[in-house]
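The values are calculated or read from the model by the stated rules, or taken from the named source; none is laboratory data. Quantities reported herein were computed from a predicted structural model and do not represent experimental measurements. Here the Cβ is made from the backbone with ideal geometry for all residues, glycine too, and neighbour counts use every protein chain on show. Note: areas computed on protein heavy atoms with side chains; ligands, DNA, RNA excluded. Shrake-Rupley method; radii C 1.70, N 1.55, O 1.52, S 1.80 Å.
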Amino acid sequence: MVATWTVEEEMTTMRQRSGAEMRKKLEWYDLMAMGVGGMLGAGVFVTTGTVAHQNSGPAVVLSYIVAGVSALLSAFCYTEFAVEMPVAGGAFSYLRITFGEFAGYFAGANLVLEYVLSNAAVARSFTSYFSNIFGVSNGDAWRIRAEGLADGYNMLDFPAVALVMLLTLCICRSTKESSVVNMAATLFHLLMFAFIIVAGFANGHFHNLTRPSGFAPYGAKGVFEGAAIVYFSYIGYDSVSTLAEEIKRPAQSLPLGVSGSVIIVSLVYCLVALSLCVLVPYDQISTSAAFSEAFKKSVGWRWGSNVVAVGAALGILTSLLVAMLGQARYLCVFGRAHLIPSWFARVHPKTGTPINATLCLGFCTAAIALFTELSIVLNMISIGTLVVFYVVANALIYHRHVHKGATKPLPTLAFLTLFSLSATGFALCWQLEKHGLWGLLTFGSLSVLLITAFKLTVPIVHHPKDWGVPLMPWFPAASIFLNVFLLSTLDRWSYARFGLWTIFLLFFYIFFSVHATHDAEASSKQDHATTMQDVHNKDVGVSTGRDDQCNSESRLE
C-alpha cells in the first residue's frame, strides 16, 4: 500500500505497458481550449441557477470567487507535478510517487467516480437546454417517466444517453480531432457568454441584486456552502493534466494550459453569474435552465432564449468531451498498474487512444445519465474532488521537502498533520451558530504560525527544473486550508455516500488490486531475470566456443 514508484519508472515502465504510444500532437492552445471548454459548460449552465436560488442568492458571485481561488491554487500543484512527470496518470501518478500505491489508487478512483457522475449530470442538463431550443420550457418534456422507480431515478433521459455515446465514439477515434471539435465549439461558446453578459447588464436592473432579501440572503455560510457546490464548475482543468503524455512541449504548454484556463474561466463565471442576478431576482431564477428562462421571462426575448440554449448546449458538449478524455486516461493508467484488469490499459495502435477504457466509462456514464437526477450527484461530485485536491496539495509539500533515503519525513508529516487539524478546527468553529469568533482567530493564527515555522525550519530539497509553484509552501498550504474549509460545508448525506464509496474501494483493493499488482510485479521481475539469464548463457556459450576454437588452433600448431 505504501510502496512508491520513481518518476523514471512512471515515465518508462508504466507507459510501455499500454503497448502502443499515445501520440504527441497537442500544443498549448489545445490545452487552453480544453481547459476553458471543459469548465465553462458544466459551471454556468448546471450549477449557477441552483446555487443562486437555494444557497447564495446574488452572492453566488462571491461563491465563484472563493471556488476559483481554491481551484487556481490546486491548479498550481497539478501543473508542477505534470511538468516534471508528463504522463496520463494525473493525480494517481503524482500520489503514487509520493505517498504510495494506495493513496494514488484512492485519489484516482475518486476522480473516475467524479468524472462519471459529473458527466452524467451534465448530459442530463444538455437535454433541458436542447429542448429549450425548440421552445419547450419544461426540462422533463423529452424524458420518459418510468413507473415503479424511486423519485429522482424515474425520469429516463435517452437524449443524454445518445450524446454520451456519440462523444465516446469521437474520443475513441482521435484526441487531436476531438481537440479541434472542442476548439471550434469553445470559440462559439465564448461568443455566447459575451452575448449573455452584455445583454444581461443592458436589460437588467442592479436593484435586483438586493431583491427580495439583500445581496447575501443566506449570509456568509450560504456563500461558502455555494462555493463548495460550484467547485463542481471547475472540474476540467485536472483533465488537462491527464493529457500531458500527448503534449509536444509539456514544460511550456502545461502552465499556460492549466493555470491560464482557470483564470479565464473564473473571470467569465463571475461576470455571467452577476449578469444573471441583475436580470432576474434570485428567488425567480430557474434551477434547470436558468439563463434561457431568464431571457424569456425578464426580457421577453424568445429568440434570445433560443440563442442562449444553443450556446449552453454547445458548452455542455465541450465540457463532456474534455471530461470524458480525462476519465479514460485515469482508467488506462489503472490498467497499466494492474489495479484493474490490464485490458483497460490497451492503447489502439492506429488511433493512439485508450479505446477500451473510453468505451467502458462511456457506457457507465450513459447508464447513470439515463436514470439519475442532477441534484442527487452534485454534492457527491464536490466531496470527491475536494478530497483529491486536498491530498495533491499535501503531496506537493511532501515531494518538495522529503527525499527518500536522504531526509527524514517526520517533520514534514508532522506539519501536514498539525496544519490539517488546525484548518479543521477553523472550519468547525465557522459552523457554530455565532461563528465562534475566538476559535476562528485562534485556529487562523495557529495556521499562519505553523506555515511560518515550517518554512524557517525545514529546507526544500527538491527544486523543479522547468516550472514550480511560487511562494512555497504558502500556496499549497492555502489550497489545503481552503479545501478543508469547503469540505466542512457539505451535508451529511454527501459524507455518507462518500463513506460507502471509500469502503467499496478499500475492499476492492484488498481482495483484488493488491494481489494483481503484486503478481504482475513478481511476474515482471521473473521475466526480467529469465531474460538476463538467457543473455548470460548466450554470452557464456559464445565465450566457450571461442575458447574451443583457440584450443583447436593451438593443437594444429
- Task: Could you check how many residues of the stretch 151-166 are open to solvent by 80 Å² or more (accessible area, probe 1.4 Å) and either touching a residue at least 24 places away in the same chain (Cβ under 8 Å) or charged (D, E, K, R) (or both)?
- Result: 3
- Can we say Val377 is crowded, with 21+ Cβ neighbours inside 10 Å and either on the phi < 0 side of the Ramachandran plot or modelled with pLDDT of 80 or more (or both)? yes
- Query: Of the residues that make up the stretch 187-202, is at least one under 19 Å from the mean Cα position of the chain (by Cα) and within 30 Å of Leu31 (Cα to Cα)?
  - Reply: no
- Message: Quick check on the stretch 490-501: of everything there that is under 23 Å from Leu428 (Cα atoms) and within 20 Å of the chain's Cα centre (by Cα), which residue is least open to solvent (accessible area, probe 1.4 Å)?
- Response: Ser494
- Among the residues of the stretch 86-105, is any more than 30 Å from Met165 (Cβ to Cβ), modelled with pLDDT of 80 or more and among the basic types (Lys, Arg)? yes
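So that you can scan it fast, the table gives a plain yes or no per residue for (1) buried (at least 24 other Cβ atoms within 10 Å of the Cβ); (2) within 13 Å of Phe334 (Cβ to Cβ):
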site	(1), (2)
Cys77	yes, no
Gly90	yes, yes
Phe106	no, yes
Ala123	yes, no
- Message: Looking at Ala323 and the list (1) at pLDDT 80 or above; (2) part of a helix (DSSP H, G or I), which single condition is not satisfied?
- Response: (1)
- Report whether or not Arg346 is open to solvent by 40 Å² or more (accessible area, probe 1.4 Å) and among the charged types (D, E, K, R). yes
- Criterion: over 30 Å from Thr351 (Cα atoms) and modelled with pLDDT under 80 - qualifying residue of Ile235, Ile144: Ile144
- Task: Examine the stretch 130-150 for a residue that is touching a Leu at 6+ places or on another chain (Cβ under 9 Å), assigned to a helix (DSSP H, G or I) and open to solvent by 10 Å² or more (accessible area, probe 1.4 Å), and state whether such a residue exists.
- Result: yes
